[in-house]
Amino acid sequence: MKMHPNHQQNRPKKELSPRERQEVCTGGMWQNRCPEYSPTTTQCRACGCFVNAKVKLATEKCPLGKW
Ligand code: SF4
């Protein structure tokens, strides 16, 4: 996984914005795609949810604890 320039180890886990959550799932400039994300169906294989919708809902959590 590529590291963001501001990455620090042992930093407390912060609440991620919907866009940041999306990048954890689908990948982005500083992040590889989650192996559970299916670009074909845009679903998370771990929970079956459609990621675009899931990341916007404050009550939702990543089943693998990534956000
Ligand atoms: S396991 Fe978590 S990070 Fe991976 S696609 Fe599902 S919700 Fe996203």
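Of all residue pairs spaced 6 or more apart or on separate chains, those with beta-carbon atoms under 8 Å, a first member in the stretch 30-56 that is in contact (Cβ under 8 Å) with a residue 24 or more places away in the chain and among the aliphatic types (A, V, I, L, M) and a second member that is near the ligand (Cβ under 7 Å from one of its atoms) and not in a loop (DSSP other than H, G, I, E, B) are 51/25; 51/37; 51/44; 55/25.
When the residues of the stretch 32-67 are filtered to those that are more than 10 Å from the ligand (Cβ to nearest atom) and not in a loop (DSSP other than H, G, I, E, B), the one that is nearest to the chain's Cα centre (by Cα) is 52. For the stretch 39-55, filtered to residues that are out of contact with any strand residue (DSSP E or B) (no Cβ under 7 Å at 6 or more places or on another chain) and surrounded by fewer than 13 Cβ atoms within 10 Å (Cβ to Cβ), the residue that is nearest to residue 16 (Cα to Cα) is 53. For the stretch 19-31, the set of residues classified as modelled with pLDDT of 95 or more and either within 11 Å of the ligand (Cβ to nearest atom) or surrounded by 14 or more Cβ atoms within 10 Å (Cβ to Cβ) (or both) consists of 20, 21, 22, 23, 24, 25, 26, 27, listed by residue number.
The values are calculated or read from the model by the stated rules, or taken from the named source; none is laboratory data. Everything quoted here is computed from the prediction, not taken from an experiment. Glycine gets a Cβ as well: all are built from the backbone with ideal geometry, and neighbour counts include every protein chain shown.
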